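As C-alpha cells, the structure follows; a few thoughts come after it.
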Amino acid sequence: MYDSARRDVVPFVPLRPGQVRMYNCGPTVYDWQHIGNLYAYVVADVVRRTFEYAGYAVRQVMNITDVGHIVGDVDEGEDKMEIAAKRERKDPQALAAMYADRFFEDRHKLNIMDPTVVSKATDHIPQMIALIETLLEKGHAYVAADGVYYDVTTFPGYGTRLNPELPEERQAGARIDVNPNKRHAYDFALWRAAKPGDLQQWDSPWGRGNPGWHIECSAMSMAYLGETFDIHTGGEDHLFPHHECEIAQSEGATGKPFVRYWMHVRFLQVEGRGMHKSTGNTYVVSDLEAKGFDPLAFRLMGLNSGYRKPLNFTWRGLEDEQRRLDRWRSAIAGAALSAKATAAADADNVRQAFVAAITDDFNTPRALAVAEDAIALLSSPDRADRSRGLGLLFDIDRVLGLGLAAWCESATAIDDEAKALLAAREGARAAGDYARSDKLRDELREQGYVVKDTKEGQRWERVPVRMKKDS
RNA sequence: GGCGACGUGGCCAAGUGGUUAAGGCGAGGGUCUGCAAAACCCUUAUCGCGGGUUCGAUUCCCGCCGUCGCCUCCA
C-alpha cells in the first residue's frame with residue numbers, strides 16, 4: 001500500500017499479527033455531507049473490507065466532529081457549528097445529532113459499513129484535556145492569553161513528516177493574519193478560551209473554552225487504538241496542517257510512533273473542476289436519487305477510479321456506472337435462476353487476479369476489470385461456469401460492497417400473481433397470440449418484472465429499484 | 001507567490017522503459033430474434049505541448065500550459 005509519509009508503495013505489516021487498527025478522520029457534522037466526503041469513506045470502507053477479506057480482524061474508528069471550528073480568521077472567525085446552529089435555530093448538539101444521522105443514512109445507502117467505534121468529540125473532552133496537560137508537562141505547549149498552544153519548535157521535523165516542504169518555506173499567514181498571542185507562526189491551538197456567546201464551552205484547567213481542532217483526533221485515536229496504530233486515513237487536504245499537528249501532538253505526548261501508514265484520498269472533482277459550495281456544484285446523495293440513480297452506482301463510480309487520482313464526477317459518468325451496475329445485476333439474477341453459486345476456490349485464477357489487484361494499493365479499477373471476467377462467466381451455456389461466476393462475484397463483492405448477494409436474493413423472489421401472469425404469457429406465446437403476450441409483458445413490467453424471451457423460453461427479472469432516469 | 005500532485009481513445013479510467021497500451025460506458029457493423037430485451041463476434045488510442053536522457057519513453061529528467069490540493073482548523 002502507498003504510505004503518504006514514505007511517499008512510496010510499501011508492504012503492509014501490521015503492528016499486531018492478524019490485526020489492523022485504523023482511524024478515519026470523520027466529518028464535522030454541521031451540514032449534509034456531500035458526495036466528495038462520502039467518497040472518502042467509500043475508500044476507507046474498501047480498505048477495511050480488503051483487510052477483512054484477507055483475514056485480518058479490523059478495528060476501525062471514526063470520529064464525529066461535533067465541536068465547531070473556526071471558519072475564517074482565527075480571531076474574528078465564526079465557528080461552523082455556531083453558524084449552522086444560528087441558521088437553523090437549533091442548539092449545536094441537536095444540530096450535530098441530526099446531521100450525523102443523515103450522514104449514516106447516506107453511508108448505509110452506499111453500503112459503507114459502520115466503523116467498529118464511532119467517537120464523538122464532545123464525549124471525549126476529558127481525554128483531550130488530559131492530553132493537553134501531558135503536553136504542557138512535557139514542555140510542548142504553553143498557556144497564552146486566549147488559550148493553550150502547541151510550540152512547534154519543540155517538535156523537530158514538524159510539518160515535514162507528510163510534506164517535503166520545510167515549514168519555513170511556507171508562507172505563514174498567507175491566508176490569514178498570524179495570531180499575536182502565539183510564539184511562533186505555526187503554533188496551533190490545543191485549547192481556545194471561550195468567547196462571549198460561545199454556544200459550546202467546557203470547563204478546563206485553563207478556564208472555560210473549547211478544544212482545538214487537531215487534538216480530538218489524537219485523543220480519540222489513542223483512546224481506542226492505542227498510542228501507536230496501523231492506518232490513518234483522510235482527505236488530501238489533511239496532509240497539512242491537520243495530520244502534521246496530530247503527529248506532533250501524539251508523538252510529543254507519548255514519545256512513540258503515532259501512525260504506521262498514512263492514506264490520503266484525492267479529492268473528487270465535478271466536471272473536472274473543484275467542487276465548492278460557492279460554485280454551486282456540490283451534490284449530496286439525495287441529489288443522485290432525485291435523478292433516479294441508485295446510490296450504489298456512485299459507489300461503483302468511486303471504485304472505478306484509483307483513490308490517489310482525482311475522481312471526476314460527471315452525470316454522464318454516473319449514468320455509465322448505473323448501466324454497468326444494472327447489467328451486472330441482470331446477469332447475476334439471470335444466472336441465479338438456473339445455477340447456484342459455488343464457493344470461490346482459493347486457487348481460482350479469477351480470484352487470484354482479484355486478490356493481486358486489490359492488494360496492490362487497493363487497485364479497485366483493476367479489480368473491477370477482473371470482476372468483469374466473472375460477469376462474463378454468467379452468460380456461459382455451461383451451468384458450472386455460471387455457478388463459478390456467481391461464487392466469484394459474491395466473494396469479490398465482500399470487498400467491492402455493491403450488495404450483489406442481497407440483490408440476487410431479492411431479485412430472484414417472485415410472487416404468485418406474477419407467476420400466474422408469466423404462465424398466461426407463455427400460453428399466449430405458444431398460441432402465437434403476440435398482442436396478448438406483449439400486453440402481459442407490459443403488465444408484468446408494472447408489477448416490477450422485466451420479461452425477456454430466450455431460446456429456453458421466458459426469463460424474468462426484477463425492475464431495478466431506481467426510477468427511470470430523466471432523458 | 002511557494003510546495004505537492006494529476007493531464008491516457010467520444011466519455012469514465014487502469015497500466016508499462018522495448019512483445020497486441022486493461023476494463024466500463026457510448027458509437028458503428030454483424031449473428032440471433034414475431035417485437036422488445038439479452039447474449040455473442042468484429043471495429044473504435046501512438047498516452048497535454050516542447051525539449052532532454054536512452055539503442056529505445058506514454059512510462060525517467062527539465063520547461064510550458066491546464067486542472068486539483070495545501071500554505072491554521074474543509075474528505
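Values as computed for the structure displayed
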| item | result |
| --- | --- |
| Where A:R324 falls short, out of the listed (1) surrounded by fewer than 17 Cβ atoms within 10 Å (Cβ to Cβ); (2) within 6 Å of RNA strand B (Cβ to nearest atom); (3) in a helix (DSSP H, G or I) | (1) |
| Filter result for A:R329 (more than 8 Å from RNA strand B (Cβ to nearest atom), under 26 Å from A:Y449 (Cβ atoms) and not β-branched (V, I, T)) | yes |
| Set A:T233, A:T254, A:T228: member being of a type in the set (S, T, Y), in the same structural domain as A:R16 (by TED's automatic domain parsing) and surrounded by 23 or more Cβ atoms within 10 Å (Cβ to Cβ) | A:T233 |
| Residue ID - surrounded by the fewest Cβ atoms within 10 Å (Cβ to Cβ), chosen from residues in the stretch A:290-318 that are near RNA strand B (Cβ under 6 Å from one of its atoms) and of a type outside the set (S, T, N, Q) | A:R316 |
| Those residues of the stretch A:17-59 which are of a type in the set (G, A, S), under 18 Å from A:Y224 (Cβ atoms) and either surrounded by 21 or more Cβ atoms within 10 Å (Cβ to Cβ) or under 10 Å from the mean Cα position of the chain (by Cα) (or both), in sequence order | A:G26, A:A44 |
| Only listed residue being surrounded by fewer than 22 Cβ atoms within 10 Å (Cβ to Cβ) and either closer than 22 Å to A:K195 by Cα or touching a strand residue (DSSP E or B) at 6+ places or on another chain (Cβ under 8 Å) (or both), chosen from A:K109, A:K120, A:K138 | A:K120 |
| Subset tally (residues that are surrounded by fewer than 23 Cβ atoms within 10 Å (Cβ to Cβ) and of a type in the set (D, E, K, R)) for the stretch A:236-251 | 3 |
| Residue in the stretch A:259-270 that is away from RNA strand B (no atom under 16 Å from the Cβ) and more than 18 Å from the chain's Cα centre (by Cα) present | yes |
| Pair list, Cβ < 7 Å and 6+ apart or interchain, from the stretch A:203-221 residues that are modelled with pLDDT under 95 to residues that are among the basic types (K, R) and surrounded by fewer than 24 Cβ atoms within 10 Å (Cβ to Cβ) | A:G209/A:R192; A:N210/A:R192; A:G212/A:R192 |
| Lone unmet requirement of (1) under 27 Å from A:V9 (Cβ atoms); (2) assigned to a helix (DSSP H, G or I); (3) not assigned by TED's automatic domain parsing to the domain that holds A:V13 for A:H243 | (3) |
| Qualifying residue in the stretch A:261-270 (condition: of a type outside the set (F, W, Y), out of contact with any helix residue (DSSP H, G or I) (no Cβ under 9 Å at 6 or more places or on another chain) and at negative phi) | no |
| Failed item, numbered, when A:G334 is tested on (1) touching a residue at least 40 places away in the same chain (Cβ under 8 Å); (2) assigned to a helix (DSSP H, G or I); (3) surrounded by 21 or more Cβ atoms within 10 Å (Cβ to Cβ); (4) not charged (D, E, K, R) | (3) |
| Given (1) in contact (Cβ under 8 Å) with a residue 12 or more places away in the chain; (2) surrounded by 14 or more Cβ atoms within 10 Å (Cβ to Cβ); (3) in a helix (DSSP H, G or I), number of the condition A:R366 does not satisfy | (1) |
| Residue tally, condition assigned to a loop (DSSP other than H, G, I, E, B), of a type in the set (K, R) and either buried (at least 16 other Cβ atoms within 10 Å of the Cβ) or within 15 Å of RNA strand B (Cβ to nearest atom) (or both), over the stretch A:185-208 | 1 |
| Cross-chain or 6+ apart pairs with Cβ under 6 Å, the stretch A:262-289 first and farther than 20 Å from A:T364 by Cα, then near RNA strand B (Cβ under 7 Å from one of its atoms) and assigned to a helix (DSSP H, G or I) | A:M275/A:G36 |
| Residues within the stretch A:369-393 that are of a type in the set (S, T, N, Q) and either surrounded by 22 or more Cβ atoms within 10 Å (Cβ to Cβ) or part of a loop (DSSP other than H, G, I, E, B) (or both), tallied | 2 |
| Count - residues of the stretch A:1-37 that are among the aromatic types (F, W, Y) and in contact with a Ser or Thr (Cβ under 7 Å, 6 or more places away or on another chain) | 1 |
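Every residue, every condition in (1) under 30 Å from A:V43 (Cα atoms); (2) in the same structural domain as A:E244 (by TED's automatic domain parsing); (3) modelled with pLDDT under 90; (4) not small (G, A, S), yes or no:
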{"position": "A:P115", "(1), (2), (3), (4)": "yes, yes, no, yes"}
{"position": "A:I129", "(1), (2), (3), (4)": "no, yes, no, yes"}
{"position": "A:E137", "(1), (2), (3), (4)": "no, yes, no, yes"}
{"position": "A:T153", "(1), (2), (3), (4)": "no, yes, no, yes"}
{"position": "A:L162", "(1), (2), (3), (4)": "yes, yes, no, yes"}
{"position": "A:Y186", "(1), (2), (3), (4)": "no, yes, yes, yes"}
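The values are calculated or read from the model by the stated rules, or taken from the named source; none is laboratory data. Note that the structure is a prediction, hence the values are computed from the model and not measured. In this analysis, Cβ positions are derived from the backbone assuming ideal geometry, glycine residues included, and neighbour counts consider all displayed protein chains.
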